[in-house]
1. Take His145 and Arg164, extend 7 Å from each Cα along the Cα→Cβ direction, and tell me the distance between the two endpoints in nm.
2. Ordered by packing density, taken as the mean number of other Cβ atoms within 10 Å over each peptide's residues, highest first, how do 117-123, 12-18 rank?
3. How much length is gained if the chain between Gln49 and Asp93 is pulled fully straight, taking 0.36 nm per residue apart and subtracting their Cα-Cα distance, in nm to one decimal?
4. For the pair Asn106 and Asp189, what calculated FRET efficiency results from E = 1/(1 + (r/R0)^6), where r is the Cβ-Cβ distance and R0 = 35 Å, to the nearest 0.05?
5. How much length would be gained if the chain were fully extended between Cys76 and Thr153, taking 0.36 nm per residue of separation minus their Cα-Cα distance, in nm to one decimal?
6. Tally Lys and Arg at +1 and Asp and Glu at -1 over the other residues with C-beta under 11 Å from the C-beta of Ala180: what net charge comes out?
7. Considering only DSSP beta bridges where both residues belong to the chain, give the percentage that are antiparallel (nearest 5).
8. Using only the alpha-carbon atoms of the chain as identical scatterers, what base-10 log of I(q)/I(0) does the Debye formula give at q = 0.18 Å⁻¹?
Amino acid sequence: MSYRLLLVGPPGAGKGTQAELLCEYLEIPAVSTGAIFREHTAAGDELGQLADSFTSRGELVPDDVTNRMVDVRLDCEDVTGGFLLDGYPRNVDQVHALDRLLAARNWTLDAVVLLHADDEVVVERLLGRAATEGRKDDTEKVIRHRIALYHETTQPLLDLYRERGIVLDVDGVGTVEEVAERIRTTLEDFAASR
Ligand code: B4P
């Protein structure tokens, strides 16, 4: 099995944390739309300013901007052998856009790793991160909005991937290493069954 993967889960489920570990293990790059937006925001460029006007309120950055950014990223040499998309797609329209981006390259998606964590667990984690990192979108009000948006907008896209039989459900509660081990085992079992 090649590794063209998605990592999906509510804000604070551990996507960024687990993407790094899984990518190191599989020797593929992580492509995190949230991290790319934050890099641009830190640089203060036009994309960063635009992204910040949405991310700081916990809103999704408009699809045309996000899809174009992913399109450009998928043209980079390092993703030809596989990749893990972290935090993209985040709504049904982005799923269709990603389908087009992959089809244009004759690529297919291998698996969608879905990290599960209850709302109260993720609120607690993100408030913990707020205390150390001070991200603008980690205030309790914005966190709760991001979680609501996840349930309304992101969760429905999972039905599309479930119909394709590629969703791998993983419990995201536990230590970072326990969750990482669960992801590796689930993925390896899935790869062996293909
Ligand atoms: P993201 O960067 O994806 O932010 P996130 O959903 O909060 O997840 P993150 O990766 O940061 O959190 P993680 O679970 O790793 O998106 C930020 C914003 O960018 C979005 O709100 C949106 O505005 C915009 N955006 C991104 N993608 C977009 C798209 N496709 N379309 C439109 N807009 C988009 O970690 C959370 C915390 O939990 C950390 O402090 C971590 O240390 C801790 N943690 C992790 N695992 C743990 C564990 N097992 N136990 C305890 N704590 C743990």
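Please treat every number below as a calculation from the coordinates, not as lab data. Note that this is a predicted model, so its numbers are computed, not measured. Note: ideal-geometry Cβ built from the backbone for every residue, glycine included; neighbour counts use all protein chains shown.
1. Going by the 7 Å Cα→Cβ label model, 3.1 nm.
2. Averaged packing, sorted descending, gives the order 12-18, 117-123.
3. 13.5 nm
4. After rounding, the FRET efficiency stands at 0.85.
5. The span from Cys76 to Thr153 would gain 24.9 nm if fully extended.
6. For residues surrounding Ala180, the net value is -3.
7. Taking every DSSP beta bridge with both residues in the chain, the antiparallel ones total about 0 percent.
8. After summing over all Cα pairs, the log10 values are -1.39.
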